[in-house]
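Peer 1: My questions will all concern the structure given below.
Since every read-out is calculated from the coordinates, none of them should be taken as a lab result. Owing to the predicted nature of the structure, the values given are computational and were not obtained by experimental measurement. Cβ placement follows ideal geometry from the backbone for every residue including glycine, while neighbour counts extend to all protein chains displayed.
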Amino acid sequence: MVTLAGFMLKGEIYSFGVVLLEILTGMKVFDPNRPKGKQNLVEWAIPLLAHEVNMGVILDPQFQDNNNHPPKEAFMLAELVSKWSVTSTR
């Protein structure tokens, strides 16, 4: 049996993951001015989080180092957000 408290907790976990994704990317959750397919941040970014090579595509440029490389910690955060997305959609 699922309780209301379970739904509330799941919603809070989802919201926290979205905030982490906003921090990681420097983007708003939804922006109609972005190109089609990128307007919804969650739908666009979640599939890209699984591979470190995509970090340069999704990472907020302010987090890039002097050589335009994303730091390892950014990928660690991306992995956390990716795990959040899997568990919060079950």
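Peer 1: Run through all the Cα pairs of region 4-88 and give the fraction in each 10 Å bin from 0, expressed as whole percent.
Peer 2: It works out to 18, 49, 27, 6, 1, in whole percents.
Peer 1: Tell me the net charge near residue 73. Cut-off is 15 Å between Cβ atoms, residue 73 excluded, with +1 for each Lys or Arg and -1 for each Asp or Glu.
Peer 2: -3
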